[in-house]
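Engineer: What follows is a structure written as structure tokens; I'll ask about it next.
The values are calculated or read from the model by the stated rules, or taken from the named source; none is laboratory data. Here the structure is a predicted model, which is why all the values come from computation and not from measurement. Cβ atoms come from the backbone with ideal geometry, glycine included; neighbour counts cover every protein chain shown. The area values use the complete protein model at the heavy-atom level, side chains included, leaving out ligands, DNA and RNA. Shrake-Rupley method; radii C 1.70, N 1.55, O 1.52, S 1.80 Å.
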Amino acid sequence: METTKNYRFSTIVTEIVMVLLGLLFLVPFYFLFVNSVKTFGDLLTNSAAWPEVFQWGNYANAWEKINFPSALMNSLIVTVVSNLLLVLISSMAAYRMVRSDTRFNRILFGMFIAAMVIPFQSIMIPLVTVTSNLGLIDSLGGLIICYLGFGAPMSVFLFHGFVKSVPLEIEEAARVDGSSVYGVFFRIVFPLMKPMYVTVIILNTLWIWNDYLLPSLILQSSNLRTIPIATFALFGQYTKQWDLALPALVLGIMPIIIFFLLMQKYIIQGITAGSVKG
């Protein structure tokens, strides 16, 4: 009886602590929202107070100022196309490396792993030079190719671990039935990868959607701006339009928050499955 009481007490304490931690992590969202519906003066004088009058017009002004529909479409194109290419190419590469365990494939996989630890800042200048020489500067296609290169190492690493957990007997049975290598992959292996490719999509979406540095190096035209680049345009050398920047930030993070809430249940499942070694 005493053990049961102690267990209930510890459970209640744990739940209270988790609720408090959850509220703590929500504090930045509170400041972001309440200040996005204030006048510029109220925002500067008391940023923590609840707004007396909600200035919903801030959102309309920010929508027009940064041309939000165009920035949203650019971000969607870059994020969706980059994810599709990363999932397709990385999964096929990882599958080949695992199922064909040659010295060359082991070295190649080691190069992918090594690429994960290279700081992006150390290759910024060579990146701009190479993309400029290849004619990839100031184009969404060039930006997508860059994301494909930078996102492939982690994606291959995750898929590589997951493929090891796929039973080889299933593939052998499919080959006995007459399936080709591509048939085995796309009909048998790839559907089994669902937890992992959903995880890869989630992680890469969070990165690509919120990335500022790489688009700022590649994109120059105003009509090609992604949401982070368009939002940064509200911060000048002498003026910072916080009454427009904060609503723009809310508009920019809402799609990714909704996406993450809908897909988060696959994260732990995918990462746990990918940690299994054959």
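Engineer: Any idea how many residues of region 204-245 are open to solvent by less than 80 Å² (accessible area, probe 1.4 Å) and either under 30 Å from E169 (Cβ atoms) or not in a helix (DSSP H, G or I) (or both)?
Structural biologist: Of the residues in region 204-245, 9 are open to solvent by less than 80 Å² (accessible area, probe 1.4 Å) and either under 30 Å from E169 (Cβ atoms) or not in a helix (DSSP H, G or I) (or both).
Engineer: Give the number of residues within region 254-266 that are touching a residue at least 24 places away in the same chain (Cβ under 8 Å), closer than 27 Å to A60 by Cα and hydrophobic (A, V, I, L, M, F, W, C). Steps first, answer last, please.
Structural biologist: Quick first cut of region 254-266, residues touching a residue at least 24 places away in the same chain (Cβ under 8 Å) only: 255-256, 259-260, 263-264, 266.
Filter once more, keeping what is closer than 27 Å to A60 by Cα: 255-256, 259-260.
Of the ones still in play, those that are also hydrophobic (A, V, I, L, M, F, W, C) are 256, 259-260.
Residues in region 254-266 being touching a residue at least 24 places away in the same chain (Cβ under 8 Å), closer than 27 Å to A60 by Cα and hydrophobic (A, V, I, L, M, F, W, C): 3 in total.
Engineer: Please return the ranges of helices (runs of 4 or more DSSP H) entirely within region 1-114 where 1 or more residues are closer than 30 Å to G149 by Cβ and of a type in the set (A, V, I, L, M, F, W, C). Give the derivation first.
Structural biologist: Details: elements: 2-36, 40-45, 57-65, 68-99.
Answer list for region 1-114: 68-99.
Engineer: Taking L140 as the residue in question, decide whether it is touching a Leu at 6+ places or on another chain (Cβ under 7 Å), at negative phi and modelled with pLDDT of 90 or more. Reasoning before the result, please.
Structural biologist: Working: touching a Leu at 6+ places or on another chain (Cβ under 7 Å): yes; at negative phi: yes; modelled with pLDDT of 90 or more: yes.
Here the answer is yes, as L140 does meet what is asked.
Engineer: Okay, next question. Within the set of pairs 6 or more residues apart or between chains, which connect a residue that is within 21 Å of V166 (Cβ to Cβ) inside region 92-117 to a residue that is among the aromatic types (F, W, Y) and at pLDDT below 90 with Cβ atoms less than 8 Å apart?
Structural biologist: Listed by first residue and then by second, the contacts come to M92/F185; A94/F162; Y95/F185.
Engineer: Take I118 and decide whether it is out of contact with any Ser or Thr (no Cβ under 6 Å at 6 or more places or on another chain), surrounded by fewer than 17 Cβ atoms within 10 Å (Cβ to Cβ) and in a loop (DSSP other than H, G, I, E, B).
Structural biologist: Values: out of contact with any Ser or Thr (no Cβ under 6 Å at 6 or more places or on another chain): yes; surrounded by fewer than 17 Cβ atoms within 10 Å (Cβ to Cβ): yes; in a loop (DSSP other than H, G, I, E, B): yes.
Here the answer is yes, as I118 does meet what is asked.
Engineer: If the Cβ limit is 7 Å and pairs must be 6+ apart or interchain, which residue in region 42-69 that is within 11 Å of D243 (Cα to Cα) and open to solvent by less than 100 Å² (accessible area, probe 1.4 Å) pairs with which residue that is of a type outside the set (K, R) and not in a helix (DSSP H, G or I)?
Structural biologist: Short answer, once both residue conditions are applied: D42/P51; Q55/V37; Q55/T39; N58/V37.
Engineer: Okay, moving on. When region 173-200 is examined, which residues are found to be open to solvent by 50 Å² or more (accessible area, probe 1.4 Å), at pLDDT 85 or above and hydrophobic (A, V, I, L, M, F, W, C)?
Structural biologist: Within region 173-200, F186, L192 qualify.
Engineer: Inspect region 125-135 for any residue being in contact with a His (Cβ under 9 Å, 6 or more places away or on another chain) and part of a helix (DSSP H, G or I) and give the result as yes or no. Working first, answer last.
Structural biologist: In the first step, residues of region 125-135 are kept if they are in contact with a His (Cβ under 9 Å, 6 or more places away or on another chain); the result is none.
Taking every residue of region 125-135 in turn, none turns out to be in contact with a His (Cβ under 9 Å, 6 or more places away or on another chain) and part of a helix (DSSP H, G or I).
Engineer: Moving on. Mind checking which residues of region 148-190 are of a type outside the set (A, V, I, L, M, F, W, C), more than 22 Å from the chain's Cα centre (by Cα) and not in a loop (DSSP other than H, G, I, E, B)? Spell out how you get there, then give the answer.
Structural biologist: Step one: of region 148-190, the residues of a type outside the set (A, V, I, L, M, F, W, C) are 149, 151, 153, 155, 160-161, 164-165, 167, 169, 171-172, 175, 177-180, 182-183, 187.
Now drop any that are not more than 22 Å from the chain's Cα centre (by Cα), which leaves 164-165, 167, 169, 171-172, 175, 177-180, 182-183, 187.
Across region 148-190, the qualifying residues are E169, E171, E172, R175, Y182, G183, R187.
Engineer: Confirm whether F159 is free of Cβ contacts under 8 Å to residues at least 24 places away in the same chain and hydrophobic (A, V, I, L, M, F, W, C). Let's see the steps before the verdict.
Structural biologist: Numbers: free of Cβ contacts under 8 Å to residues at least 24 places away in the same chain: no; hydrophobic (A, V, I, L, M, F, W, C): yes.
No.
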